[in-house]
Amino acid sequence: MSVPRKIEIIPVPGVPLIKKGDDIAGILLDCLRKSRITLEDSDVIVIAQTIISKAEGNIIDLRNIIPRKRAEELAEVTGKDPRLCEVILREAVEIVRVGRGPIIAETKHGLICASCGIDHSNVAGDMDHIIVLPENSDASAREIRDRIREETGKEVAVIVNDTQGRPLRGGAIGTAIGLAGLVPIWVRAGETDLYGYVLEASPIAIADELASAASILQGQSNEGIPIVVIRGASYVKGEGTASQLLRDREKDLFR
């Protein structure tokens, strides 16, 4: 039996509060230098969606939003601010389910999540300020990955993660909404198990597993650790996209 691998989850300290126009890749590299963290080939850098959205200016002031009739109707059913409902409608391609509180929607990125991933937490200002998902998290991840390769010579993977709920499971976990440098689903068909049986399927959402592992350190409150480095994880290198993690509609048994 082979010796189990050791996986490290390393927090990147010193990341400042991010504002519009900030260079996330430059800030990351500076924080790594100051904390004397040297990247290695095959490291996975996981970055919280919130700081990507902030740097890209995806913050909305609800005081500038005028809700339409549909938003007012959603607000009446859910108890949410009608202005927030209006933004959800703008970000959504489909409203999937509505309850007393939650609005489950499909975003223009294809993600199905509560409130289109819109959040109030860790946004400067008052509750009138909300943050929406990046326009293209894969592109953001690729840009950061390319800068790291250019400045360090290291071949790493980058994941942009967000906290989302799951059908039929309580609580929320970190999920990959953008990535570069890895194949998000590791298909282990053809490998053998401990008894020599050949696996026929076993597709593993490795990008989500890494995103979730990073969330343990990143936290959801005032931890102030939006970036972590995961070292020692096994994954397939390649140019995948987060959309590969989305289940085809015809195979979706929950809608």
(request) Would you please list the contacts, defined by Cβ atoms under 6 Å and residues six or more apart or on different chains, that run from a residue in segment 216-239 that is farther than 10 Å from Ala157 by Cα and in the same structural domain as Trp186 (by TED's automatic domain parsing) to a residue that is part of a helix (DSSP H, G or I) and among the β-branched types (Val, Ile, Thr)? (result) Pro226/Ile51
(request) Output the number of residues of segment 165-222 satisfying the condition of being polar (S, T, N, Q) and surrounded by fewer than 10 Cβ atoms within 10 Å (Cβ to Cβ). (result) 2
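Of the residues Val46, Val15, only one is in contact (Cβ under 8 Å) with a residue 60 or more places away in the chain, among the β-branched types (Val, Ile, Thr), within 25 Å of Ile177 (Cα to Cα) and in contact with a Cys (Cβ under 7 Å, 6 or more places away or on another chain); which?
From the options Val46, Val15, the qualifying one is Val15.
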(request) Count, please, the residues in segment 202-233 that happen to be under 28 Å from Arg33 (Cα atoms), touching a strand residue (DSSP E or B) at 6+ places or on another chain (Cβ under 8 Å) and either assigned to a loop (DSSP other than H, G, I, E, B) or of a type in the set (Phe, Trp, Tyr) (or both). (result) 5
(request) Please determine, by comparing only the residues of segment 175-206 that are of a type outside the set (A, V, I, L, M) and at pLDDT 95 or above, which one is farthest from Leu246 (Cα to Cα). (result) Gly181
(request) For Ala242, state whether it is crowded, with 21+ Cβ neighbours inside 10 Å, in contact (Cβ under 8 Å) with a residue 24 or more places away in the chain and touching an Asp or Glu at 6+ places or on another chain (Cβ under 8 Å). (result) yes
(request) Could you run through segment 77-107 and say how many residues are part of a helix (DSSP H, G or I) and either of a type in the set (Ser, Thr, Tyr) or touching a Pro at 6+ places or on another chain (Cβ under 8 Å) (or both)? (result) 5
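Of all residues in segment 66-83, how many are over 16 Å from Arg97 (Cα atoms) and buried (at least 19 other Cβ atoms within 10 Å of the Cβ)?
Count: 3.
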(request) Find the residue count for segment 15-45, including only residues that are more than 21 Å from the chain's Cα centre (by Cα) and part of a loop (DSSP other than H, G, I, E, B). (result) 7
(message) Can you pull out every residue in segment 199-226 that is within 20 Å of Asp41 (Cα to Cα) and in contact with a Leu (Cβ under 6 Å, 6 or more places away or on another chain)?
(response) Ala207
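The values are calculated or read from the model by the stated rules, or taken from the named source; none is laboratory data. What you see is a predicted model, and the numbers here were worked out from it, not measured in a lab. Cβ atoms come from the backbone with ideal geometry, glycine included; neighbour counts cover every protein chain shown.
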